[in-house]
Amino acid sequence: MVLVMKLLFLTCLWPTAVLHSSQSQHHHLHHRQQFSFLRRHNSKREIKMRKLDSTKVRPLKSEQLLHIEDHDFALRPGFGGSPIPVGIDVQVESIDSISEVDMDFTMTLYLRHYWKDERLSFHSNKNKSMTFDGRLIKKIWVPDVFFVHSKRSFIHDTTVENVMLRVYPDGNVLFSLRITVSAMCFMDFSRFPLDTQNCSLELESYAYNEDDLMLYWKHGNKSLSTDEHISLSQFFIEEFSASSGLAFYSSTGWYNRLFINFALRRHIFFFVLQSYFPAMLMVMLSWVSFWIDRRAVPARVSLGITTVLTMSTIMTGVSASMPQVSYIKAVDVYLWISFLFVFLSVIEYAAVNYLTTIEERKQLKKRGKASRTYSIDAVQAMAFDGCFHDTDVDMDMDMDVTSFSDRCEENETRARAASVPNVDTTRIKRKRSLKGNVGRIILQNNHVIDTYSRIIFPSVYIVFNFFYWGLYI
């Protein structure tokens, strides 16, 4: 009986146990699937994060390789010991401009620094260097070289900043820049435009004196190289040279200084065409007045004033393109002497005209004609039509010239009393009477000052040119 009861009890419990077992197995299977899904999802997420951070992995490795985080690069290499040697190498790409007014020049160059920093040494099986751009420079020590007497300077940044840093396994460093700098050039214009200017670009450490940094040319005189195609419109580059020296500051001490020296010889042909040749022409043009009749007042005065004003314009144009210096330049000497010759030609005619008037009055008084002398208008009219004569000419001329002068006086008398048609007839007669005697009358009617001026002015100007060009060339 008891056995029968146990069998009935087990029969009732068996379906419940089977159902509970199947549910438990299903629950464990679902949990495993969910865990597997989460694991796969987390794995994909980690892979994705690694891909996103792949750009940061390489700089970190480079910085770790150079031990940047292990050192204080605010201090120079070998701090507390001997000064660190920094070699300099310069390649001049171009000289962009030379300004006489601002007394400066603009130059584009490649500036290269060489030094050794054992803190940046790294292991390399192939002994290859590593090259970086400007982003790493802010994290390490670099020399603080600047340009003395610089007005403006900048590092080129097209298409990226033109900066290169190369580190070798033994710690040697190459730091290169492409720079355009405008610096002062102390020019001497006493021989302008026949001058040669000596300019220099000076390099120096700003913070480190000679006890901390030794600046020197890496390869001696060969440290300075230039492009073969460098040329300037107004100058010929005679030479480039490198030199070094020391600079003293009372508050900080002695500093090493490097010099880039170059000599510029000016091309003179431009100034010959623009200044010297026009000045010569104006001086020679002023001499033409010596061959014009002394009574042709409008012709000689207008010619003299024109040459004086032209010389003033030439001198103003030259001065406008030059700095306001307090000493005399070579071009000023030539232009002012030329201006003096032109001015003296005007003064010469003023003297000739005055002396001619005095002589005329004396001769008229001596003849007893002072009471009935010609008016000023009549004398001027005689001068314009070529009928003027003085006593010296009358005494030296032959009978034909005397009769010609008498006819001129008669014609003048008739012209004042006759009508307008009679004046035209008189002028025709005068022109006919002048034929064959004009050249002789003009030569004999010239003043003695004009005669001497035709020889003295050209001779003195030729001697001046001989000494001028012999002195400055």
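The values are calculated or read from the model by the stated rules, or taken from the named source; none is laboratory data. Just so it is clear, the model here is predicted, and its values are computed rather than measured. As a convention, Cβ positions derive from the backbone with ideal geometry for all residues, glycine included, and neighbour counts pool all protein chains shown. Surface accessibility is based on the protein's heavy atoms, side chains included, excluding ligands, DNA and RNA. Shrake-Rupley method; radii C 1.70, N 1.55, O 1.52, S 1.80 Å.
Numbers for the structure displayed
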| read-out | value |
| --- | --- |
| Failed condition for residue 332, given (1) touching a residue at least 24 places away in the same chain (Cβ under 8 Å); (2) of a type in the set (Asp, Glu); (3) assigned to a helix (DSSP H, G or I) | (1) |
| Top-ranked residue of the stretch 141-170 - restricted to ones that are in contact with an Asp or Glu (Cβ under 8 Å, 6 or more places away or on another chain), hydrophobic (A, V, I, L, M, F, W, C) and open to solvent by 40 Å² or more (accessible area, probe 1.4 Å), ranked as modelled with the lowest pLDDT | 160 |
| Unmet requirement for residue 188, which otherwise passes all of (1) open to solvent by 80 Å² or more (accessible area, probe 1.4 Å); (2) outside any loop (DSSP other than H, G, I, E, B); (3) within 24 Å of residue 102 (Cβ to Cβ) | (2) |
| Filter pass, residue 260 being open to solvent by less than 40 Å² (accessible area, probe 1.4 Å), aliphatic (A, V, I, L, M) and within 25 Å of residue 186 (Cα to Cα) | yes |
| Filter result for residue 324 (within 23 Å of residue 99 (Cα to Cα) and either among the aromatic types (Phe, Trp, Tyr) or not in a helix (DSSP H, G or I) (or both)) | yes |
| Residue tally, condition over 14 Å from the mean Cα position of the chain (by Cα) and open to solvent by less than 30 Å² (accessible area, probe 1.4 Å), over the stretch 86-107 | 6 |
| Complete set of residues in the stretch 438-473 that are at pLDDT 55 or above, over 44 Å from the mean Cα position of the chain (by Cα) and not hydroxyl-bearing (Ser, Thr, Tyr) | 445, 446, 447, 448, 449, 450 |
| Qualifying residue in the stretch 133-140 (condition: of a type in the set (A, V, I, L, M, F, W, C), modelled with pLDDT under 90 and not in a loop (DSSP other than H, G, I, E, B)) | yes |
| Sole exception among (1) open to solvent by 60 Å² or more (accessible area, probe 1.4 Å); (2) modelled with pLDDT under 90 for residue 198, by number | (2) |
| Selection within the stretch 201-234 - among the hydrophobic types (A, V, I, L, M, F, W, C), assigned to a loop (DSSP other than H, G, I, E, B) and surrounded by 14 or more Cβ atoms within 10 Å (Cβ to Cβ) | 230, 232 |
| Neighbours by Cβ (under 8 Å, 6+ apart or cross-chain): first from the stretch 235-247, exposed (fewer than 14 other Cβ atoms within 10 Å of the Cβ); second small (Gly, Ala, Ser) | 238/263; 239/263 |
| Residue in the stretch 266-285 that is surrounded by 15 or more Cβ atoms within 10 Å (Cβ to Cβ), among the basic types (Lys, Arg) and under 19 Å from the mean Cα position of the chain (by Cα) present | yes |
| Hits in the stretch 286-311 (condition: of a type in the set (Phe, Trp, Tyr) and either under 16 Å from residue 340 (Cβ atoms) or open to solvent by less than 60 Å² (accessible area, probe 1.4 Å) (or both)) | 287, 290 |
| Meets criteria (over 30 Å from residue 191 (Cα atoms) and more than 31 Å from the chain's Cα centre (by Cα)) for residue 297 | yes |
